[in-house]
Amino acid sequence: MLSHYTLAVADSGYIVLPAFRRCFFFNGAIMNRQRRHKIEIVVSEIEVILEEEQQAFDNMPESLQNSERGNQMQTAVESLQAAIENLQTAIDA
């Protein structure tokens, strides 16, 4: 009953998988749709937090934007952007 299976090719060789489990490869490891979807949800949540943090920074007076607190907020925004980019790379891999 090989019709119920999918043949996947990895760097290390062939892997036979049940057909209902469509899988993707990420650095040699299998990432299925369910895990990709979980990452997409996390990305969405981070995007909301990023937008809130950026709006809070933008609404600060310029004198506070140039303060230590403003610098910390800007660093947080940059870190959130990098996290989104890294997670998108994992999804797209």
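Inspect all residues belonging to segment 32-51 and state whether any of them is assigned to a helix (DSSP H, G or I), over 15 Å from the mean Cα position of the chain (by Cα) and either within 17 Å of S79 (Cβ to Cβ) or modelled with pLDDT of 95 or more (or both). Yes - at least one qualifying residue is present in segment 32-51.
Residues in segment 55-93 that are assigned to a loop (DSSP other than H, G, I, E, B) and more than 27 Å from the chain's Cα centre (by Cα) were compared, and the one that is nearest to E40 (Cα to Cα) is N59. Just one of (1) closer than 30 Å to R35 by Cβ; (2) out of contact with any Leu (no Cβ under 9 Å at 6 or more places or on another chain); (3) surrounded by 15 or more Cβ atoms within 10 Å (Cβ to Cβ) fails for E85. It is (3). Taken together, the criteria place I91 among residues that are out of contact with any strand residue (DSSP E or B) (no Cβ under 7 Å at 6 or more places or on another chain), hydrophobic (A, V, I, L, M, F, W, C), surrounded by 13 or more Cβ atoms within 10 Å (Cβ to Cβ) and modelled with pLDDT under 95.
The values are calculated or read from the model by the stated rules, or taken from the named source; none is laboratory data. Since this is a predicted model, take the numbers as computed values, not measurements. Cβ atoms come from the backbone with ideal geometry, glycine included; neighbour counts cover every protein chain shown.
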